[in-house]
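Coordinate-derived values only; no laboratory data. No experiment lies behind these values; they were computed from the predicted model shown. Don't worry about glycine lacking a Cβ; one is built from the backbone with ideal geometry, like all the others, and counts go over all protein chains shown.
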Amino acid sequence: MENQFYTIDKIAEMLGMHHKTIRKFITEGKLGASKVGKQWRISGHDLSVFMEKNNVNINDKKASQGSSIDFSTNGEEDTTVQKKINVSTVVDISDIDKDEYMRVSNTLIAMMNCKDPKMGKSTINMKYDDKENRLKVILWGSTKFTEGMLSTISLIVEQKDL
């Protein structure tokens, strides 16, 4: 990875994130990138630094297929607050068309953008495979956050079946 340069789309594919999320990381300075003409290029070094800071590990065997991400906490504990429980989960929704995917993802992103303090540093990542009509939603956060998001996902997806 060190001597290679990647496009935003390639990084998004490798990390299983939307290209707009990668652009946001670049804009916020979380992910180093260089402008080449009108396009952004991310060096292997900048990608490694980003992954270390955010504790994202790519399963190299599957990275070329863009299908595997591991998230973990950074191991730091806030000693002023009682220990918290964080949960990670992957929700695999099959038989979901593009319109329903857009409805589900827009709703979940809107919930994340409300910035409820109870969410803390919770994260959500989504990856849609239009060949298989399958959506993977990756959640990480408190049990309350995860419970709320799972309830919302269940409500939205099951609403279609009524």
Practice task
Indicate the gyration tensor shape class of segment 86-161 (rounded, prolate or oblate), computed on the Cα atoms with a ≥ b ≥ c the square roots of the eigenvalues: a/c under 1.5 is rounded; otherwise a/b larger than b/c is prolate and the rest oblate.
Solution key: prolate
Fill in the blank from the handout: Length gained if E147 through H19 is fully extended, taking 0.36 nm per residue and subtracting the Cα-Cα distance, is 43.4 nm
Completion exercise
Whole-Å distance linking the alpha carbon centroid of segment 36-54 with that of segment 123-160 is 27 Å
Exercise for the section: State to the nearest 20 debye the size of the charge dipole of segment 86-161 about its Cα centre, where the only charges are +1 on K and R beta carbons and -1 on D and E beta carbons. Expected result: 460 debye
